[in-house]
1. Does the range 372-392 hold any residues that are hydroxyl-bearing (S, T, Y) and surrounded by fewer than 18 Cβ atoms within 10 Å (Cβ to Cβ), and which are they?
2. Would you check if A22 is open to solvent by less than 20 Å² (accessible area, probe 1.4 Å), within 28 Å of S227 (Cα to Cα), small (G, A, S) and modelled with pLDDT of 85 or more?
3. Considering only residues of the range 207-263 that are farther than 26 Å from A122 by Cα and either open to solvent by less than 50 Å² (accessible area, probe 1.4 Å) or polar (S, T, N, Q) (or both), which is modelled with the highest pLDDT?
4. Could you please tell me which pairs satisfy a Cβ distance under 6 Å, a separation of 6+ or placement on different chains, a first residue in the range 358-376 that is in contact (Cβ under 8 Å) with a residue 40 or more places away in the chain, and a second residue that is part of a loop (DSSP other than H, G, I, E, B) and open to solvent by less than 30 Å² (accessible area, probe 1.4 Å)?
5. Take the conditions at pLDDT 85 or above and open to solvent by 40 Å² or more (accessible area, probe 1.4 Å) and apply them to R182. Does it pass?
6. For the subset of the range 147-176 comprising residues that are surrounded by 17 or more Cβ atoms within 10 Å (Cβ to Cβ) and assigned to a loop (DSSP other than H, G, I, E, B), which member is nearest to the chain's Cα centre (by Cα)?
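The values are calculated or read from the model by the stated rules, or taken from the named source; none is laboratory data. Small disclaimer: the values here were computed from a predicted structure and weren't measured. As a convention, Cβ positions derive from the backbone with ideal geometry for all residues, glycine included, and neighbour counts pool all protein chains shown. To get the accessible areas, we keep the full protein, side chains included, count just its heavy atoms, and leave off ligands, DNA and RNA. Shrake-Rupley method; radii C 1.70, N 1.55, O 1.52, S 1.80 Å.
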Amino acid sequence: MTLDAGTHLDQGSRLPLSSGAAQPGRGHREPEERLARLHDYFLEGCPPEVRTVLETILVDARHVRDGFGDADIGDGLASVWYASSAIVELAAALELDDADVRGAAAVVADACALPLPAARFALFSQTVGSPRLLELPPLFAIEIQLGLLLSFDVLADATLWQRAAGTLECALSLGEGGRPSRRVRAEAKAALRQRSRLSLLGGSQLRSAPVLRHGRPYAAIVGRLGSVEPEIADAFLRVCAAELGPAIEREHLLEHSAARERTLVAASERRLMRLGFDLHDGPIQDVLALAADVRLLQEQVYPFVLERHREQAAGRFDDLTARLVELDRELREIAHSLETKSVISRPLGEILHREIDTFAERTGVNTNLEIRGEADSLTSAQRITVFRAIQEALANVREHAGATAVSVLVRARRSSIEVQVTDDGMGFEVERALAKAAQRGRLGLVGIAERTRMLGGTFDVESAPGGPTTLRLTLPRWEPLVP
């Protein structure tokens, strides 16, 4: 339900601190009580992972309050800071709805003894400028910022427009307006040209603001007016446009970085494919020739072996042949794993399940794979990095860990892709092992770390003698604003 001044959430929702809009002179609570009650409001119905983050935000909010010197003033400003941080975290976890935003404004109004419209504007300004938004994928962050305009009913719908390849493109559309109309497109053009708002019939319901880059407009917010006065809507839009600038700038940087990364990854994958072909045309063929020579040698030597030693000699030749067959199979698997086309074109879950099943069959290790979220929406570079990381982790388990069980978790979130590989093997000292591997020229994990860094992610290995060992990597999700 919509919360106006004097209106409150139904039972079962997050509740404001008291009834009625806050008035000056009311709400003289102790500072710690205000923050604690605000914290309790946001904890209502939160999932465990968000609750942990909110506890950290509460600690930071107390430091913010103390920094102002005056406990009463500091508590009011810290309350706005806390509420804005909580809104961003809830939005990042996909746990935020309009009732939460409107209720939060009512809570801040009560805690800070502000009129509700003033509390809404203060909370909006603090939230859209939160540094935490810059840690999220730009498109996701922009969606949160524009979504707040709808949550506060400043706009009934909102669109973001950009120039792309010489044309005007709608990069994002929120609300129930459907496909943007010609009038909305014309308003976006006018905003980008910094011309006056349209005076056509119905044009007064459209509000817009340009997003500036180096002092020149390069994007525009356009939307239909909500329930607030036009002057108030313009103030919200100006604040939002100013804060959208860093997010869109970051998107441009990521786009350029992604182009360079695609070039580097393509070169790396071409080298790996060439290595696969070289394995097939070189060592694999040599192994086949050696196996044929061993069989010929067995036929030639057999007549000259004493009868009492023939069974033993035949067994030895069979062992050599079996080892050559296994070597041929391993080389073919390595050559096949270096092929990138299947990793890009086939469903990632299918590729990973095949890799896991092959590993379990070869090693006898109990292996479990769990995929959460939509993993097939990853970019080609992300898919390759995830696959290579799991492949390298399993190779290390097979060669060094002596494990009996391995678990692989791939979690595709809205803002990131997380991979975790854990085994119950003997473990190792991470720094020493990586140093020795580098000295021997075995740079598998180092290569995965470098791939991850190129994509703006993080990579870590946790282990100790006696185990267990856990490999973790996280990649930020990114999609261009305009395809």
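1. Kept after step one, since they are hydroxyl-bearing (S, T, Y), are these residues of the range 372-392: 377, 379-380, 385.
Selection gives S377, S380.
2. Values: open to solvent by less than 20 Å² (accessible area, probe 1.4 Å): yes; within 28 Å of S227 (Cα to Cα): yes; small (G, A, S): yes; modelled with pLDDT of 85 or more: no.
No; evaluated as a whole, the condition is false for this residue.
3. For the range 207-263, the residue satisfying everything is Y218.
4. V365/A403
5. Here the answer is yes, as R182 does meet what is asked.
6. In this case the residue turns out to be F152.
One line per residue, one yes/no per condition, for (1) closer than 22 Å to H400 by Cα; (2) modelled with pLDDT under 80; (3) open to solvent by 70 Å² or more (accessible area, probe 1.4 Å); (4) touching a helix residue (DSSP H, G or I) at 6+ places or on another chain (Cβ under 8 Å):
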{"residue": "L288", "(1), (2), (3), (4)": "no, yes, yes, yes"}
{"residue": "D319", "(1), (2), (3), (4)": "no, no, yes, no"}
{"residue": "R329", "(1), (2), (3), (4)": "yes, yes, yes, no"}
{"residue": "L348", "(1), (2), (3), (4)": "no, no, no, yes"}
{"residue": "R362", "(1), (2), (3), (4)": "yes, no, yes, yes"}
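Matching residues to (1) closer than 21 Å to L348 by Cβ; (2) at pLDDT 85 or above; (3) open to solvent by less than 50 Å² (accessible area, probe 1.4 Å):
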{"position": "A395", "(1), (2), (3)": "yes, no, yes"}
{"position": "T404", "(1), (2), (3)": "no, yes, no"}
{"position": "V410", "(1), (2), (3)": "yes, yes, yes"}
{"position": "S415", "(1), (2), (3)": "yes, no, yes"}
{"position": "D424", "(1), (2), (3)": "no, yes, no"}
{"position": "F428", "(1), (2), (3)": "no, no, no"}
{"position": "V446", "(1), (2), (3)": "no, no, no"}
{"position": "G466", "(1), (2), (3)": "no, no, no"}
{"position": "T469", "(1), (2), (3)": "no, yes, yes"}
